[in-house]
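Only one structure is covered here, and it is reproduced in the block below.
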Amino acid sequence: MAMQLGGRRRGGFRDINVTPLVDVMLVLLVVFMVTAPLLTTGLRIDLPEVKAAQTPVKDARLLVSVTKEERVLFGEEDVTGRIDQALKENARVQKEREIYIRADKNARYGIVADVVAAARNSGVESLNLLVEPVIEDAPEEPIKVKAGAKAGGK
C-alpha cells in the first residue's frame, strides 16, 4: 500500500471553506440594516385633524410645507427665510395665483402667518390650507318599534 505524505492530493480540496463567505454576508446584512432607514428621505409633517372635506392638491410644485422645526419648503426646495422672493420669482405661482399650504400641527403660528403674508404679497389670490380630515363613523340609526308591538314577544 502506498501512503501519501504530501498532505494534499492532486485533485484539490474536498470541501469548500464557507467561513469567509458567511463573514462577508453578515457584514453586508449589517450594513444594509443600518443604511436602510437612512434611505427614506420623506418629510414628516403631522397635519392638524379637523372635520373638513379633503382638498385635492393639483400639483406638488405649488405646495408650501412648514415643518415643526420651522423650515419652509416650496415644493422640494428649502426656502426658509426667503419664501417671499421664491413665490415672486416662480412663474407658475404668478400665472395661476394659487398655492397650497401644508403646516405641521406643532409648527408655530408665526411661521405659518409669515408664509400666508408672503403669499399675499406675491399676488396669490387663492390660498388653500391642507389638513388631515377626521374620518367619522356613520351614526347608528335608532331602532324603530312598530306601533302595537308588545315587548313580551307574544
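The values are calculated or read from the model by the stated rules, or taken from the named source; none is laboratory data. As the structure is a computational prediction, the values presented were derived from the model and not from experiment. SASA here: full protein model, heavy atoms, side chains in, ligands and nucleic acids out. Shrake-Rupley method; radii C 1.70, N 1.55, O 1.52, S 1.80 Å.
Does the stretch 75-86 hold any residues that are closer than 20 Å to Glu125 by Cα and modelled with pLDDT of 85 or more, and which are they?
Taking the stretch 75-86 as the starting set, the residues that turn out to be closer than 20 Å to Glu125 by Cα are 75, 82-86.
Those that are closer than 20 Å to Glu125 by Cα and modelled with pLDDT of 85 or more: Arg82, Ile83, Asp84, Gln85, Ala86.
Mind listing just one residue for me: the one in the stretch 119-154 that is open to solvent by 50 Å² or more (accessible area, probe 1.4 Å) and outside any loop (DSSP other than H, G, I, E, B) and, of those, modelled with the lowest pLDDT?
Result: Glu132.
Can you give me the number of residues within the stretch 85-110 that are assigned to a helix (DSSP H, G or I) and within 12 Å of Val64 (Cα to Cα)?
Taking the stretch 85-110 as the starting set, the residues that turn out to be assigned to a helix (DSSP H, G or I) are 85-89, 91-96, 109-110.
When the remaining residues are screened for being within 12 Å of Val64 (Cα to Cα), the result is 86-87, 93.
Matching residues across the stretch 85-110 total 3.
I need the full set of residues from the stretch 12-60 which are among the β-branched types (Val, Ile, Thr), at pLDDT below 90 and assigned to a helix (DSSP H, G or I), in order please.
Residues of the stretch 12-60 that are among the β-branched types (Val, Ile, Thr), as a first pass: 16, 18-19, 22, 24, 27, 30-31, 34-35, 40-41, 45, 50, 55, 57.
With at pLDDT below 90 added as a condition, the list becomes 16, 18, 34-35, 40-41, 45, 50, 55, 57.
Listed by number, the residues that qualify are Val34, Thr35.
Please find, among Val93, Val112, Val116, the residue that is modelled with pLDDT under 85 and open to solvent by less than 50 Å² (accessible area, probe 1.4 Å). Can you show your working first?
Numbers: Val112 fails: modelled with pLDDT under 85; Val116 fails: modelled with pLDDT under 85.
Within the list Val93, Val112, Val116, the selection yields Val93.
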